[in-house]
1. Is it the case, given these coordinates, that S47 is within 16 Å of the ligand (Cβ to nearest atom) and among the small types (G, A, S)?
2. Restricting to segment 52-90, name every residue that is within 14 Å of the ligand (Cβ to nearest atom) and on the phi > 0 side of the Ramachandran plot.
Amino acid sequence: MASGSLEFRKKVLFLVAAYVVVLTFLAFILIPLYLPYTLIIWLIAASGGVFAIVEWLAHNTIYVCSNCGYRFRISAFRYAISPHGWKKKLLRCPKCGKRGWCRALYAGEVSAGR
Ligand SMILES: [Zn+2]
């Protein structure tokens, strides 16, 4: 179970690192050459990339209700706006309606746990 989580975290770190490297590279090579259009395109690509990462994270994370134990996924929007703690998130359970700190399970842990 723990290895699945670690694998997932490595994947996330790699994805974020690759994203930052590509964007930084593009910023130094492209933007000074063709201002201001490249800056606009770069900003769109940067925000699109952040959205894609959040969307992917939201899709690969399952939350467990602290009250009834119900497992559920959340949207990328909710993922971005909800208060976040270490491996937990303040969410309202869609089943029992109670608001609380829901434990986060990553895709690897869930499949290993079943
Ligand atoms: Zn619940």
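Nothing in this text is a laboratory measurement; each read-out follows from the coordinates by a stated rule. Note that the coordinates shown come from a computational prediction; the quantities given were computed from them, not determined experimentally. Quick reminder, even Gly has a Cβ in these numbers, built from the backbone with ideal geometry, and neighbours come from all protein chains shown.
1. Values: within 16 Å of the ligand (Cβ to nearest atom): no; among the small types (G, A, S): yes.
Answer is no for this residue.
2. The one that is within 14 Å of the ligand (Cβ to nearest atom) and on the phi > 0 side of the Ramachandran plot: G69.
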